[in-house]
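K.L.:
My questions all concern the structure below.
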Amino acid sequence: MSTPHIDAGPGAIADTVLLPGDPLRARHIADTFLDGAVEVNACRNMLGYTGRYRGMRVSVMGSGMGIPSCAIYATELARVYGVRRIVRIGTCGGVGDVELGDLLLAQAASTDSHFNRLQFGGHDLAACADFALMRAVVDTAAAQGIGLRIGGVFSTDCFYGGDPDLTGRLLQHRILGVEMESAGLYGLALREGIQALSVLTVSDHLQRDAHMPAAQREQGLSRMVALVLDSLGAWAA
Ligand code: HPA
């Protein structure tokens with residue numbers, strides 16, 4: 001069993017997959033959070049691991065950057081490996097009153113990508129998160145006293161360039177952050193009949209010359225991963 005991009009064996013990938021963009025982050029998460037983690041994918045160095053978190057079987061794998069890369073992996077995970085839920089864990093640029101280090105749940109994802117339109121007859125798809133996954137993270141964060149921002153994000157195909165008036169448009173539509181994957185992930189999850197959610201740490205800010213220092217970034221990402229893993233455990237139990 002394999003796909004053009006994943007060479008894991010049958011049953012090697014858990015029903016639930018955490019999907020960071022960076023494959024080395026997947027390895028770090030497996031090393032830090034999972035018991036008995038084994039490498040299940042190294043095709044194209046898009047490292048993937050399966051282990052257990054508090055007894056719950058879970059996988060973590062890189063997705064690469066941008067909707068096309070993320071969608072290749074998420075689609076193959078769903079169609080070929082039977083993955084039922086995918087939680088993207090990533091970073092985003094903040095907009096408006098969002099602060100560096102804030103944790104953001106992407107309730108819905110707008111986009112300048114045509115990925116969903118290509119699959120939806122040119123119409124606009126409301127690319128939204130899975131409600132049960134959102135509720136699990138919201139409830140767990142509340143129980144742990146962790147603050148969350150919940151709202152829209154914008155998934156852009158252009159890290160550089162693109163719409164010069166984008167920031168104003170995002171502010172006008174109460175969008176909280178910019179990243180590059182969620183709209184595609186949410187659209188394909190709806191089509192494939194799987195659950196998806198993006199949980200994002202604000203690593204920089206579109207209107208301020210501000211970036212999270214490396215140490216704070218690491219801490220923020222660990223906090224986000226722990227919250228997601230605790231949420232999935234509580235939800236699956
Ligand atoms: N733009 C797109 N993707 C991002 C950004 C950004 O400003 N920050 C983190 N991921």
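K.L.:
Among the residues of segment 108-125, is any among the aliphatic types (A, V, I, L, M), in a loop (DSSP other than H, G, I, E, B) and either free of Cβ contacts under 8 Å to residues at least 40 places away in the same chain or farther than 22 Å from residue 73 by Cα (or both)?
P.N.:
No, because not a single residue in segment 108-125 is among the aliphatic types (A, V, I, L, M), in a loop (DSSP other than H, G, I, E, B) and either free of Cβ contacts under 8 Å to residues at least 40 places away in the same chain or farther than 22 Å from residue 73 by Cα (or both).
K.L.:
For the subset of segment 167-181 comprising residues that are open to solvent by 30 Å² or more (accessible area, probe 1.4 Å) and closer than 18 Å to residue 114 by Cβ, which member is farthest from the ligand (Cβ to nearest atom)? Write out each step before concluding.
P.N.:
If we filter segment 167-181 for residues that are open to solvent by 30 Å² or more (accessible area, probe 1.4 Å), which is where we start, we get 167-169, 171-174, 180.
Next cut, closer than 18 Å to residue 114 by Cβ only: 169, 180.
Working: 169: 14, 180: 5 Å.
The residue in question is 169.
K.L.:
Next question, about the same structure. Among the numbered criteria (1) under 22 Å from residue 218 (Cα atoms); (2) in contact with a Leu (Cβ under 9 Å, 6 or more places away or on another chain); (3) surrounded by fewer than 24 Cβ atoms within 10 Å (Cβ to Cβ), which single criterion is violated by residue 66?
P.N.:
Residue 66 satisfies all of (1) under 22 Å from residue 218 (Cα atoms); (2) in contact with a Leu (Cβ under 9 Å, 6 or more places away or on another chain); (3) surrounded by fewer than 24 Cβ atoms within 10 Å (Cβ to Cβ) except (2).
K.L.:
Any residue at all in segment 138-151 that is more than 18 Å from residue 25 (Cα to Cα), of a type outside the set (D, E, K, R) and either within 14 Å of the ligand (Cβ to nearest atom) or assigned to a strand (DSSP E or B) (or both)?
P.N.:
Taking every residue of segment 138-151 in turn, at least one turns out to be more than 18 Å from residue 25 (Cα to Cα), of a type outside the set (D, E, K, R) and either within 14 Å of the ligand (Cβ to nearest atom) or assigned to a strand (DSSP E or B) (or both).
K.L.:
In the set 163, 204, which member is more than 29 Å from residue 77 (Cα to Cα), assigned to a strand (DSSP E or B) and either open to solvent by 10 Å² or more (accessible area, probe 1.4 Å) or in contact with a Cys (Cβ under 6 Å, 6 or more places away or on another chain) (or both)?
P.N.:
Matching residue, one of 163, 204: 204.
K.L.:
When residues of segment 79-98 are filtered for being open to solvent by 10 Å² or more (accessible area, probe 1.4 Å) and either at pLDDT below 95 or away from the ligand (no atom under 15 Å from the Cβ) (or both), how many remain?
P.N.:
7
K.L.:
If a residue must be within 16 Å of the ligand (Cβ to nearest atom) and open to solvent by 10 Å² or more (accessible area, probe 1.4 Å), how many such residues does segment 182-193 contain?
P.N.:
Matching residues across segment 182-193 total 0.
K.L.:
Further question: What are the pairs with Cβ atoms under 9 angstrom where one residue, in segment 77-101, is at positive phi and the other, located anywhere, is basic (Lys, Arg)? Sequence gap at least six, or different chains.
P.N.:
96/174; 101/217; 101/223
K.L.:
Here is a further query. If you go through segment 121-137 one residue at a time, do you hit one that is of a type outside the set (A, V, I, L, M) and within 16 Å of the ligand (Cβ to nearest atom)?
P.N.:
Step one: list which residues in segment 121-137 are of a type outside the set (A, V, I, L, M), which gives 121-124, 128, 130-131, 135.
From what is left, the residues that are within 16 Å of the ligand (Cβ to nearest atom) are none.
Checking segment 121-137: not a single residue is of a type outside the set (A, V, I, L, M) and within 16 Å of the ligand (Cβ to nearest atom).
K.L.:
With respect to residue 232, is the statement that it is more than 16 Å from the ligand (Cβ to nearest atom), crowded, with 22+ Cβ neighbours inside 10 Å and at pLDDT below 95 true? Please lay out each step first, then the result.
P.N.:
Working: more than 16 Å from the ligand (Cβ to nearest atom): yes; crowded, with 22+ Cβ neighbours inside 10 Å: yes; at pLDDT below 95: yes.
Yes.
The values are calculated or read from the model by the stated rules, or taken from the named source; none is laboratory data. Here the structure is a predicted model, which is why all the values come from computation and not from measurement. Positions of Cβ are backbone-derived with ideal geometry, glycine not excepted, and every protein chain shown enters the neighbour counts. Accessible surface is based on the protein model in full, side chains and every heavy atom, while ligands, DNA and RNA are left aside. Shrake-Rupley method; radii C 1.70, N 1.55, O 1.52, S 1.80 Å.
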